[in-house]
Amino acid sequence: MTTEQNQKVARRIVLELFNAGKLDLVDALFAPDFVDHALPPDVPPNREGFRMMLPILHTAFPDLQYTIEDQLAEGDRVAQRLTARGSMQGEFMGMPPTGKTAIWQEIHWHRFDAEGRLLEHWQTSDDLGMLMQLGLAPNPPGP
């Protein structure tokens, strides 16, 4: 697949999977041997693990929306800088719902196979900033 086609798939993952929750697209967009390097330790790092985590995320943040701020691609790799917004209305990873809204940044790296399916995924996110906004982590002391 071309770099442009890989970018389209990366956009679809954000807009159709994360924002719209269309889990039926996982098999079409992810390679059978997909590896997710960003899932929590107790979650299988594959398509099934992704299928498990997305509903958990949407239960905790039913209004979760990602905005693609930047997207860069070269060869079989696509990088995205995203802004996430959501109100915590349900439990997430053992943390009680707070009803508060958070806005945080994430960086995602994708590697695609020759058929244009997601083969590997890495993620870095501002989890501490999110938790502080939700009231689940203390804010640093002021000057």
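Taken together, the values in this text are just the output of simple stated rules run on the coordinates, not laboratory data. Model, not experiment: these values are computed from the prediction. A quick note on method: Cβ atoms are made from the backbone with ideal geometry, for glycine too, and the neighbour counts reach across all protein chains shown.
Brief remarks on what is shown
- Label point 7 Å beyond Cα of residue 136 along Cβ direction - residues of region 59-84 with amide nitrogen under 16 Å: 59-65, 84
- Normalising the average separation of contacting C-alpha pairs (under 8 angstrom, six or more residues apart) by the number of residues puts the relative contact order of region 3-48 at 26 percent.
- Computed helical MRE - 222 nm, the chain, DSSP H runs ≥ 4 contributing -39500 (n - 2.57), nearest 500: -7000 deg cm²/dmol
- Helical segments meeting 27 Å axial Cα length and Kyte-Doolittle -0.5 threshold in the chain (DSSP H): none
- Summarising the strand pairing of region 3-134, around 90 percent of its internal DSSP beta bridges are antiparallel.
- Lys, Arg +1 and Asp, Glu -1 on Cβ, resulting dipole of region 76-143 about Cα centre, debye, nearest 20: 220 debye
- Region 3-134: relative contact order in percent, alpha carbon pairs under 8 Å with at least 6 residues between: 25 percent
- Nearest-20 debye value, the chain charge dipole, Cβ charges on Lys, Arg, Asp, Glu: 340 debye
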